[in-house]
């Protein structure tokens with residue numbers, strides 16, 4: 001009489017191994033190795049996933065999906081920019097499931113263009129401006145939602161004026177004296193900062209950058225010489241001349257030159273725009289070409305309504321001209337001048353409501369000093385005078 005044997009097919013499949021995940025647009029693609037079953041055949045798999053990592057036996061994934069006997073699958077309907085955690089189990093022909101998840105993997109679905117933008121570095125370019133370098137071009141709706149600036153030591157939040165994205169950089173502007181030399185600051189980009197495909201900056205080490213503030217010496221004008229002693233003032237009545245300055249045609253097309261004198265028109269917006277900064281003059285072409293080059297930084301457009309810049313000029317104590325419309329972004333200009341004359345320049349910023357800034361000015365002389373008997377020297381006598389406040393305003397009105 002033979003003996004009868006019963007076989008136990010209750011052993012579950014082995015743990016799934018070699019899971020590889022690849023992100024896509026609103027999806028992730030998974031691949032894995034065939035699982036083995038000690039006493040049967042693997043007939044299917046289950047994918048478990050969620051936005052929270054599972055690290056102990058009491059936790060579980062939010063969602064699951066049951067598959068047939070396949071070794072790859074694309075999980076769709078996911079949110080771009082969100083981190084998903086995933087694990088896989090095997091199921092045999094007796095319905096037994098792997099006792100443990102596969103090693104957990106994670107992935108972030110991304111829109112076309114791939115890769116969340118990252119903060120690469122920060123560079124202080126002036127006493128009031130810091131340039132942030134990004135891994136790719138970015139955009140955002142409101143600067144104050146996009147960035148947080150804080151003192152690295154005290155964690156006190158630091159107020160900034162504006163943040164302007166340009167290609168792979170963002171220029172953050174602060175008020176005068178806000179950045180204290182030798183102090184360290186931290187800039188944090190929030191998820192409101194996105195690339196052009198809508199992928200946000202991810203929270204973590206790639207969204208933060210630190211820099212140490214420093215005092216940056218304003219640029220020094222070259223050459224830096226003084227007027228001869230016999231000229232007491234660059235606008236002295238003794239040096240009065242009537243000819244007007246003629247800007248070069250290449251930079252001032254004739255049809256765009258004349259800008260009518262500003263007229264005060266009542267507007268609901270009465271806030272004046274900020275002045276441009278750093279107005280300076282380069283006289284290196286004066287002796288060879290009768291040219292001086294004006295350079296400045298256009299007004300910081302805090303309210304987004306800067307419409308134009310107007311340059312007013314006069315020779316000696318003559319009348320101011322009607323002004324030259326420059327557009328709101330010009331920051332460099334060549335002027336054709338005469339030797340041995342005194343000039344005064346005034347640059348005014350105008351917004352779309354007709355409000356004008358106080359204006360920044362400088363006066364300079366093209367006087368060539370004598371270097372020997374009967375010889376004209378090549379030393380350029382130059383004096384820069386910056387006029388501020390009501391003094392300028394009075395000068396301006398007197399010119400109309």
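Here are the numbers for this structure:
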| quantity | calculated |
| --- | --- |
| Matching option when the condition is out of contact with any strand residue (DSSP E or B) (no Cβ under 6 Å at 6 or more places or on another chain) and within 30 Å of residue 25 (Cα to Cα), among 190, 169, 154 | 190 |
| Members of the range 193-210 found to be surrounded by fewer than 19 Cβ atoms within 10 Å (Cβ to Cβ) and touching a residue at least 60 places away in the same chain (Cβ under 8 Å), listed by number | 196, 197, 198, 202, 206, 208, 210 |
| Test: residue in the range 167-180 that is more than 27 Å from residue 304 (Cα to Cα) and surrounded by fewer than 16 Cβ atoms within 10 Å (Cβ to Cβ) | yes |
| Residue, farthest from the chain's Cα centre (by Cα), within the range 336-349, restricted to residues that are surrounded by 16 or more Cβ atoms within 10 Å (Cβ to Cβ) and more than 17 Å from residue 278 (Cβ to Cβ) | 341 |
| Among residues of the range 13-30, those that are part of a loop (DSSP other than H, G, I, E, B), crowded, with 17+ Cβ neighbours inside 10 Å and modelled with pLDDT under 90, counted | 0 |
| Test result for residue 61, touching a strand residue (DSSP E or B) at 6+ places or on another chain (Cβ under 8 Å), modelled with pLDDT of 90 or more, assigned by TED's automatic domain parsing to the domain that holds residue 95 and part of a strand (DSSP E or B) | no |
| Residue among 154, 55, 82 that is under 30 Å from residue 302 (Cβ atoms) and not in a strand (DSSP E or B) | 154 |
| Qualifying residues in the range 76-92 (those that are farther than 16 Å from residue 29 by Cβ and either in contact with a helix residue (DSSP H, G or I) (Cβ under 9 Å, 6 or more places away or on another chain) or crowded, with 19+ Cβ neighbours inside 10 Å (or both)) - the one modelled with the lowest pLDDT | 92 |
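A quick yes/no check of all residues on (1) over 16 Å from residue 182 (Cα atoms); (2) touching a residue at least 60 places away in the same chain (Cβ under 8 Å); (3) part of a strand (DSSP E or B):
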position	(1), (2), (3)
112	yes, yes, no
117	yes, yes, no
126	no, yes, no
131	yes, no, yes
163	yes, no, yes
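The values are calculated or read from the model by the stated rules, or taken from the named source; none is laboratory data. Keep in mind that what you see is a predicted model, and the values were worked out from it rather than measured. Every residue, glycine among them, receives a Cβ derived from its backbone with ideal geometry; neighbour counts consider all protein chains shown.
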